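Everything below concerns the one structure shown next.
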Amino acid sequence: MTLVDIIIWLIIGGVAGWLAGLIVKGFGFGILGNIVVGIVGAIIAGWLLPRLGILIGGGVIAAIINAVIGAVILLLIIGLIRRA
């Protein structure tokens, strides 16, 4: 993995975390937390969505959509754990 790949992951993670924070109100973690949530969300979506038969495609937009879906799932799980 090159430095450019890492920067792209951070940008996609940041955008995905920010969008997920807007979608799931009240569970934002600030910019660094949202980047982490976006990256972890991308990993979750990369694992979960193909197993559900959902394939969005390739490219940056598809990566952002996948990461947002995963980040929203992650934020909802975190919200459920916080309430319990």
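Take segment 5-14 and flag every residue that is closer than 12 Å to Val36 by Cα and surrounded by fewer than 19 Cβ atoms within 10 Å (Cβ to Cβ). The answer is Trp9, Leu10, Ile11. The single condition among (1) surrounded by fewer than 12 Cβ atoms within 10 Å (Cβ to Cβ); (2) at pLDDT 85 or above; (3) part of a helix (DSSP H, G or I) that Leu32 does not meet is (2).
Residues in segment 43-84 that are over 21 Å from Leu22 (Cβ atoms) and of a type in the set (Lys, Arg): Arg51 alone. Applying the selection to segment 45-55, what residues are over 8 Å from the mean Cα position of the chain (by Cα), within 18 Å of Trp9 (Cα to Cα) and surrounded by 11 or more Cβ atoms within 10 Å (Cβ to Cβ)? Within segment 45-55, Gly46 is the sole residue that qualifies.
The values are calculated or read from the model by the stated rules, or taken from the named source; none is laboratory data. Model, not experiment: these values are computed from the prediction. Glycine gets a Cβ as well: all are built from the backbone with ideal geometry, and neighbour counts include every protein chain shown.
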